[in-house]
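Working notes, structure below.
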Amino acid sequence: MAEAAHPNRAEALISKYFDIKSQLQLPGACASGWVCQYSPRFCSGYKPIVSLRLDSKLPDVGTTIFSVMSGLAAQHQALNLSQGYPDFDGPEALLDRVTHYMTHGFNQYPPMIGVDSLRHAVSDKVADLYGAQVDGDTEVTISAGATEALFCAIAAVVRPGDEVIVFDPAYDSYAPVVALQGGHTIHIPLSAPDFQIDWNQVAAKVSDKTRLIIINTPHNPTGAVCGEADIAALRELAQKHNFYILADEVYEHIVFDGQAHLSMCRYPDLYERSFVVSSFGKTYHVTGWKVGYCVAPPDLSAEFRRIHQFVNFTVNTPVQLGLADFLNTHPQHHRQLPDFYQRKRDYFLGQLQGSKFTWQPSAGTYFQLLDYSALSAAQDVELAKRWTEQLKLASIPVSVFYEDRSCAPKSLLRFCFAKDDATLARAGEILCSL
Ligand code: PMP
Ligand code: GLN
């Protein structure tokens with residue numbers, strides 16, 4: 001009997017190769033002579049032959065807002081200031097080094113924890129910027145972007161029933177990973193316009209069940225940064241409670257107006273309980289390479305690596321080697337990054353003078369929030385979609401990052417200013433026309 005003769009070939013193949021006919025509830029012969037769960041009259045379409053129902057571990061999780069808005073921007077040929085990535089390339093010297101390694105035989109597995117030269121370049125940078133001596137062999141692990149590092153750090157410490165504190169609007173990958181470990185996310189909302197952490201609320205929520213606090217500074221999507229008062233409050237809590245800290249510092253080199261980035265690496269008492277995560281994608285304008293790292297004390301790194309070796313095992317060789325060379329030879333790149341992006345922020349905001357939007361200049365990251373309440377009473381998700389379709393300008397609605405939407409600011413959209421000036425000028429024109 002020819003397989004192609006079956007009206008539903010996929011179904012026929014399942015039945016043939018997995019020999020599951022006997023398990024069928026309603027076997028019957030279809031027109032083609034195959035055993036089929038549908039009578040000849042109804043045998044059409046791609047209905048599965050076995051009624052296995054997969055109960056999702058993440059039933060409430062849909063497609064990320066970044067994919068949704070970038071997809072919509074592409075569909076409507078809109079200027080895409082939604083998903084956070086530059087529309088310019090990484091430094092030529094970096095691309096040259098990666099190309100060099102790729103074309104000179106460095107294309108096999110590197111060590112599981114990352115290549116030696118990159119791990120040590122990271123530990124040198126941490127010493128230079130934050131005055132901390134971290135061991136490149138036992139405390140630095142190269143990961144597949146910050147995303148993988150966040151996953152491994154959460155999986156390393158969170159057990160079923162544990163509580164994890166996050167601050168809303170929270171980056172969207174944290175809560176699902178906590179849920180996969182059987183943990184519970186406790187959401188503490190931050191309020192517009194400055195989105196500072198209310199440490200009294202944190203103190204009220206921390207308990208013996210608190211296993212992890214996730215601190216994201218500079219903060220996506222608001223651009224807020226932690227100051228010394230935040231660190232002091234965190235230290236005080238850490239003296240009383242045994243939680244770990246996951247510091248998402250992917251925008252560590254994008255802090256403005258002369259402020260310092262307060263990395264957890266600076267504070268030995270906080271570092272001893274921290275996983276500090278960063279991303280080369282943000283710093284070197286190469287988000288698509290998906291290479292990041294985690295710095296953590298040896299015992300925490302050991303546990304992190306136990307998981308990393310089975311999630312990703314390791315990260316591609318030529319990019320790691322190229323990044324290591326570039327870090328060693330061009331430290332001015334990350335040192336000058338705050339000025340580079342501050343100029344872009346100011347250029348973008350300059351284009352908005354005279355518009356009906358209001359804002360607080362972003363303190364860090366390459367995102368700027370704009371308040372549109374003088375222009376529309378629409379809900380942010382609806383407006384972001386409408387403006388992508390009609391104005392051909394895509395942004396990210398902020399309310400989607402709140403667990404409790406009633407705590408979300410009502411009229412804020414996030415715009416990414418990691419763009420060429422011409423792109424920012426065009427976006428400014430569109431926004432000023434409203
Ligand atoms: N954390 C935050 C706050 C981010 O904004 C991002 C992505 N831009 C990530 C983590 C993930 O970084 P990566 O692309 O290196 O995985
Ligand atoms: N972090 C990026 C942003 O905030 C998006 C990354 C992603 O799409 N996963 O826009």
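Is at least one residue of the range 231-250 assigned to a loop (DSSP other than H, G, I, E, B) and more than 21 Å from Ser207 (Cβ to Cβ)?
Yes, that holds for at least one residue.
For the range 311-356, what are the residues that are assigned to a loop (DSSP other than H, G, I, E, B) and either touching a Lys or Arg at 6+ places or on another chain (Cβ under 7 Å) or surrounded by fewer than 22 Cβ atoms within 10 Å (Cβ to Cβ) (or both)?
Matches in the range 311-356: Asn312, Phe313, Thr314, Asn316, His330, Leu352, Gln353, Gly354, Ser355, Lys356.
From Phe66, Phe88, grab the single residue that is assigned to a loop (DSSP other than H, G, I, E, B) and either modelled with pLDDT of 90 or more or in the same structural domain as Leu321 (by TED's automatic domain parsing) (or both).
Result: Phe88 is the single residue among Phe66, Phe88 that is assigned to a loop (DSSP other than H, G, I, E, B) and either modelled with pLDDT of 90 or more or in the same structural domain as Leu321 (by TED's automatic domain parsing) (or both).
Hey, among the residues in the range 382-434 that are part of a loop (DSSP other than H, G, I, E, B) and under 20 Å from Lys344 (Cβ atoms), which one's farthest from the chain's Cα centre (by Cα)?
Asp420
Which residue out of Tyr341, Tyr293 is within 30 Å of Leu431 (Cβ to Cβ) and within 16 Å of ligand 1 (Cβ to nearest atom)?
Numbers: Tyr293 fails: within 30 Å of Leu431 (Cβ to Cβ).
Answer to the check: Tyr341.
Given the conditions (1) among the hydrophobic types (A, V, I, L, M, F, W, C); (2) under 19 Å from the mean Cα position of the chain (by Cα); (3) under 19 Å from Ser274 (Cα atoms), and given that Val202 satisfies all but one, which numbered condition is not satisfied?
Unmet condition: (2).
Tell me which residues, restricted to the range 191-224, are away from ligand 2 (no atom under 16 Å from the Cβ) and assigned to a loop (DSSP other than H, G, I, E, B).
Ser191, Ala192, Pro193, Asp194, Gln196, Ile197, Asp198, Val206, Ser207, Asp208, Lys209 - these are the residues of the range 191-224 that are away from ligand 2 (no atom under 16 Å from the Cβ) and assigned to a loop (DSSP other than H, G, I, E, B).
Could you tell me whether the range 194-203 includes any residue that is away from ligand 1 (no atom under 16 Å from the Cβ) and closer than 21 Å to Leu413 by Cα?
Taking every residue of the range 194-203 in turn, at least one turns out to be away from ligand 1 (no atom under 16 Å from the Cβ) and closer than 21 Å to Leu413 by Cα.
The values are calculated or read from the model by the stated rules, or taken from the named source; none is laboratory data. Source: prediction; values computed, not measured. As a convention, Cβ positions derive from the backbone with ideal geometry for all residues, glycine included, and neighbour counts pool all protein chains shown.
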